[in-house]
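The values are calculated or read from the model by the stated rules, or taken from the named source; none is laboratory data. On a predicted model such as this, the values are computed, not experimentally measured, just so you know. Cβ coordinates were reconstructed from backbone atoms using ideal geometry, including for glycine residues, and neighbour counts include every protein chain displayed.
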Amino acid sequence: MTETDLRWQLRQLPRELELPHDLWPKIAAGIGPQRTRTPRRWLAELAIAASLLLAAGLLWRAPPANSVAADPDAAIVKAQTRAISDEYQAALRQFDGAPLSPVYRPSLQSLDRSLVEIHRAIAADPRSVFLLEQLQKTYSRRLALTQRAVTG
């Protein structure tokens, strides 16, 4: 078949094709509302996931309770507290210099005060896994609220 034959066949094709019914309502219903993620949100969620994995890894690698270490539980909680705090600070750095909506400032300040209190409580009771969990939850809330304050 030559190029001329192909061109002739192409000209014979109909210019428009009539569909038996409108397909767009079904397509639109199948797609539904989509929520887009910003790269910043993805990075923050990755940092939170990494800190959770680190905490789980430290628990898994923890020495047994009858270890010769002075207080292994306190050492684990201290290491996890440091790791979680470092991950949070790294995730929060992405928002450095970004304008924050003033609507969120009182809530952000309240979460910051809570974080200080949790750190003090961990210093007073360094074996408290509950306080470590509260620290993680509060950091997650603070980071999520900061994202909303920046992105609107």
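One line per residue, one yes/no per condition, for (1) under 15 Å from the mean Cα position of the chain (by Cα); (2) surrounded by 14 or more Cβ atoms within 10 Å (Cβ to Cβ):
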| position | (1), (2) |
| --- | --- |
| Gly97 | no, no |
| Arg105 | no, no |
| Ser128 | no, yes |
| Leu131 | no, yes |
| Gln136 | yes, yes |
| Thr151 | yes, no |
Among the residues listed as Ala91, Ala83, Ala55, the single one being among the small types (Gly, Ala, Ser) and modelled with pLDDT under 75: Ala55
Failed item in (1) in a helix (DSSP H, G or I); (2) modelled with pLDDT under 65; (3) loosely packed, with under 10 Cβ neighbours inside 10 Å, with Arg40 passing the rest: (3)
Residues (basic (Lys, Arg) and part of a helix (DSSP H, G or I)) located in segment 114-149: Arg120, Lys137, Arg141, Arg142, Arg148
Selection status of Asp73, charged (D, E, K, R), touching a helix residue (DSSP H, G or I) at 6+ places or on another chain (Cβ under 9 Å) and modelled with pLDDT under 85: yes
Restricting segment 107-126 to residues that are over 17 Å from Ile76 (Cα atoms) and touching a residue at least 24 places away in the same chain (Cβ under 8 Å), the residue that is surrounded by the fewest Cβ atoms within 10 Å (Cβ to Cβ): Asp112
